[in-house]
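J.: Let me give you the structure first, and then I'll get to my questions.
The values are calculated or read from the model by the stated rules, or taken from the named source; none is laboratory data. Note that the coordinates shown come from a computational prediction; the quantities given were computed from them, not determined experimentally. All Cβ positions, glycine included, derive from the backbone under ideal geometry; neighbour counts span all protein chains shown.
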Amino acid sequence: MGWSVVKKTVLLFAISVTFLILSGLSACAVDVYAVGGWTFTIDSSCLVGGAGSNLIDSFESKLDATVINITGTGGSGDAWQVQVRKSSVSQLHGATLYVKRTGDGSGSGTVHGGSSYVAVETSDTDFFEGSGDRTDITVQYKVSGISINVPPGTYSTVITFTVVDR
């Protein structure tokens with residue numbers, strides 16, 4: 001009879017909120033507010049073929065893991081862009097975090113781009129853009145490249161969304 005050890009690795013993704021005041025002649029301030037996050041556990045059910053095999057290729061959150069609201073614009077013609085970045089996750093070498101927009105939300109303006117996964121780096125990466133006030137824009141996460149060789153433990157990163165005036 002053989003023994004097998006099951007590794008449990010927990011990854012926690014938390015959302016941080018960033019506010020940006022528009023520069024120039026505008027007296028308006030555009031705010032981005034994000035709420036949500038994602039926590040998942042890797043256990044024996046995530047193995048491709050049982051004990052001794054590797055992990056499945058990727059892990060995805062629910063479609064609305066985070067909801068973003070962009071308010072305080074100068075109206076439906078006031079264009080903006082959302083950028084995303086993460087804090088460092090030092091012990092997860094080889095793992096990649098992705099984000100994608102899964103819903104347009106609602107409001108007076110428009111939103112486009114970001115409907116395919118974008119790799120989240122430690123520096124700002126363009127995510128999606130739009131104009132006017134938009135609420136309830138939904139976001140999904142994906143992590144790939146986690147190996148069975150990752151030491152058991154809790155790993156976390158902070159995701160920061162920034163809105164930039166266009």
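J.: Name the residue, out of 156, 108, 115, that is in contact (Cβ under 8 Å) with a residue 24 or more places away in the chain, part of a loop (DSSP other than H, G, I, E, B) and of a type outside the set (A, V, I, L, M, F, W, C).
T.: 108 is the lone residue from the list that is in contact (Cβ under 8 Å) with a residue 24 or more places away in the chain, part of a loop (DSSP other than H, G, I, E, B) and of a type outside the set (A, V, I, L, M, F, W, C).
J.: Need pairs with beta-carbon distance below 7 Å; first residue on the phi > 0 side of the Ramachandran plot and within the stretch 33-44, second modelled with pLDDT of 85 or more; sequence gap 6+ or separate chains.
T.: 36/65; 36/66; 36/67; 37/65; 37/66
J.: Taking residue 31 as meeting all but one of (1) modelled with pLDDT under 80; (2) in a strand (DSSP E or B); (3) buried (at least 16 other Cβ atoms within 10 Å of the Cβ), write down the number of the exception.
T.: That leaves (1) as the condition not met.
J.: While we're here: Which pairs do you get when a residue that is on the phi > 0 side of the Ramachandran plot and part of a loop (DSSP other than H, G, I, E, B), found in the stretch 67-78, comes within reach of a residue that is of a type in the set (Val, Ile, Thr) and buried (at least 17 other Cβ atoms within 10 Å of the Cβ), reach meaning Cβ atoms under 6 angstrom, with the pair 6+ apart or on two chains?
T.: So the pair list comes out as 72/30.
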